[in-house]
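Participant: Could you have a look at this structure, given as C-alpha cells, before my questions?
Every number here is computed from the coordinates shown, using simple stated rules; none is lab data. Since the structure is predicted, the reported quantities are computational estimates derived from the model, not experimental observations. In this analysis, Cβ positions are derived from the backbone assuming ideal geometry, glycine residues included, and neighbour counts consider all displayed protein chains.
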Amino acid sequence: MAKFFGNLNLVLLVGVLIAIAVMTSFDGRGIPLDANSVFRWFHVFFGILWIGLLYYLNFVQVPTMPSIPAEQTGAINKHIAPNVLFYFRYAALLTVLTGLVVAHLSGYLFSPGSDLNALTFNGEGAVDLIGLGMWMAIIMFLNVWVIIWPAQKKILGIVEASDEEKAVARPRALAASRTNTLLSLPMLYCMVSANLG
C-alpha cells in the first residue's frame, strides 16, 4: 500500500480510471457523457489545482518565508517554489483553455446564429455571470503569465537579475498574486452560481 501511495503518477492514473468508470456508469441515466461534461471535469480539476496553489502560496508559503532562517530558504527557493510555480502557471493555462472550450460547447461563446456571448454581457443572467467570472479568470491568468512568473524567475534566480531588479520584482509579484487571491473569491461565486439555474 505504501508503494502505491508513494507513486503520485500511479495514484493519478487510478483516479482517472475511477473517474472514467463513474462517468461511463452514469451515462444514459440522465447524465450524458459528452465532450462538454468531460471538459467541465478537466476545467474543475485544473481550476482546483490552480486556485489551490494560489491559496497555498498566499496563505502558507509567502507569510512563512520571513520566519525561515536564511540558510534554509535555498531548499524552498531552489526546489519547492519552482515546482509549485510550474504546476501553478500550467494549471492556470489549462483552466482558462478548458473553460473556453466549455463555454463554446455550451453555446455561449462565439456561437454562430446565437446572440449569447458570455464575453460581451447581453442581459442574459447566468451567461453574464459566467462571463464576468471568465473575465476575472482571464485577468488572473494574465497576472500569472505576464507579471508573477517573470518576476519569480528573477526572485528565484532562474534568470539572472541584479539585487535591484529582484527588489522591484518582489512587491510586483506579491501585488499580482494578492490581486488574484482577491479576484478568486468573486470569480468562484460567478462560476458556481451561474451553473445553479
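Participant: Along its three principal axes, how long is region 17-110 when you only count alpha carbons? Whole Å, largest extent first please.
Facilitator: Cα extents, longest axis first: 58, 33, 19 Å.
Participant: From the Cα trace of region 148-197, what convex hull volume per residue do you get, rounded to a whole Å³?
Facilitator: 60
Participant: What is the angle, in °, between the Cα long axis of helix 81-105 and the longest principal axis of the Cα atoms in the chain? Nearest 10 is fine, range 0 to 90.
Facilitator: Its long axis makes an angle of about 20 degrees.
Participant: Right, another one. Longest segment of the chain with no chymotrypsin sites (Phe, Trp or Tyr not before Pro) in a DSSP loop having at most 16 other Cβ atoms within 10 Å?
Facilitator: Counting at most 16 other Cβ atoms within 10 Å as exposed, the longest clean stretch of the chain is 1-109.
Participant: A further question follows. Which value at 222 nm does the chain reach when only helices count, each DSSP H run of 4 or more adding -39,500 (n - 2.57), with the total divided by all residues and rounded to the nearest 500 deg cm²/dmol?
Facilitator: That comes out to -22000 deg cm²/dmol.
Participant: On a 0 to 90 degree scale, rounded to 10, what angle separates helix 125-142 from the longest Cα axis of the chain?
Facilitator: 30
Participant: On C-alpha positions alone, give me the angle between the axis of helix 8-26 and the longest principal axis of the chain, in degrees, nearest 10.
Facilitator: On a 0 to 90 degree scale, this one is about 10.
Participant: Three principal axis extents, largest first, for the C-alpha atoms of the chain, in Å?
Facilitator: Rounded to whole Å, the extents work out to 58, 49, 25 Å.
Participant: Suppose we look only past 18 Å in the calculated P(r) of region 1-56. What percent of the Cα-Cα pairs does that tail hold?
Facilitator: 50
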